[in-house]
1. Using amide H atoms built in the peptide plane, which far-off residues or other-chain residues are under 5 Å from residue 145 H to H?
2. Work through the residues other than residue 323 whose Cβ is under 14 Å from its Cβ and net out their charges, Lys, Arg +1 and Asp, Glu -1.
3. Would you mind putting 143-153, 275-285 in packing order, based on average other-beta-carbon counts within 10 Å, highest first?
4. Can you tell me the length gained on complete extension of the stretch residue 187 to residue 309, counting 0.36 nm per residue apart and subtracting the Cα distance?
5. Given a Förster distance of 51 angstrom, what is the FRET efficiency for residue 172 paired with residue 290, based on the Cβ-Cβ distance and rounded to 0.05?
6. What's the angle, to the nearest 10 degrees (0 to 90), between helix 294-308's Cα axis and the longest principal axis of the chain?
7. What relative contact order, as a whole-number percentage, does the chain give when Cα pairs under 8 Å and 6 or more residues apart are counted?
8. Quick one: 3J(HN,Hα) in Hz for the stretch 263-276, Karplus 6.51/-1.76/1.60 with θ = phi - 60°, rounded, Gly and Pro as x.
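Just so you know, all these numbers are worked out from the coordinates, no wet-lab data involved. Predicted model, so just to flag it, every value in this text is computed and none were measured. Reconstructed Cβ throughout: ideal geometry from the backbone, glycine too, with neighbour counts over all protein chains shown.
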Amino acid sequence: MLIRPFSPSDLSSTAALWNTCAASGEVLYCPLSDEDFLNKFTAGEGCQPDLFLVAECSGTLLGMIHAVAPGTFRGSQDGTGYITVELVRPDHRGTGVGRALLEEAIRRLKELDASVIRISSTNPVNLSWRIPGTPGHDHNNMPGVDTQCQGYPFFASMGFKTSHTEVAMYLNLEHYRMPDEIHTLREKLRTQGIEAGPWSPALGREFDGMCDRVGSEYWRDVLRTETEAWIQGMPNQDSRFWPDGRQPAGPRTLLTATTEGHIVGFTGPVDRQVSGRGWFTGICTDPLYERRGIATVLFHLLMQSFVDNGSQFSTLFTGTDNHAQRIYLGAGMQPVRQFSLMTLNPEEVSL
């Protein structure tokens, strides 16, 4: 068996392996054309030729693994490397192919100064996956290792440990109806001087206080980008916030809770992916304004906005211990899968 970097001549066999595993239901990944497969694993941010490896024997592909090295993508954390995906042909599992591929990927990541190796959604190479039991509805990024697939016990046996568990939740928007109590709660917030709804510049755009208290530079970045697009009357120019890589036609709806010029809660921006998924970056409430129902109102307004823009479904993932699950369940979302975010200290692995 030979383990070597991927070459263009491997494209048809590696893409076929990917699609065979996806079609069988062994993994939840969305199928990929040869072109999309090549772009995903060779042309994207963080992709390096020496970290996309294949295993072959006498010219026959046995398996593949893709990894991302520290410092090779925007916003990368020092010392963090990633395993993106590993697949082995069904008739060669249990023969050492998977172990050999992973050990070689770990060895190469160590040589590139990886102090920790993760399997998580912070990998710049996003893998779309299909929601089980739906007509092809998808999520644009897998948050970790599906706990129901064979990869979960395999990575655990190789020394990877679960650092966090996420639950994926799903709502078919055909079934969404905004409860009357949301309108009542929204009016109650108004009596407290808090306006919950679509943001406009007249409402004010001070959000640093909230972001400081939440401790999130990501939310600060999102709010800065989206509010500036509104003020300029132009589409958001930052490709990180385009679903499916599409540039929006104009400023997108941003749902906020504001008081006296301060943004104290937000969700959005509201958009729709080509697949019909209602897309947003997340939901956030200023800790100083929690327990007033702000997140509940904003989330229901978000679901209604998706209905209004023609989205067919919505998905999200959240920590299994996150109390916000009650908000999502209250809107009709249902848990569909759990994912393990796994980490490995490469120094603990003997190669």
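1. 340, 341, 342
2. 0
3. Top to bottom by mean Cβ count within 10 Å: 275-285, 143-153.
4. Answer, rounded to one decimal: 41.5 nm.
5. After rounding, the FRET efficiency stands at 0.95.
6. 80 degrees
7. That works out to 19 percent.
8. 7, 10, x, 7, 8, x, x, 7, 8, 10, 6, 4, 5, x
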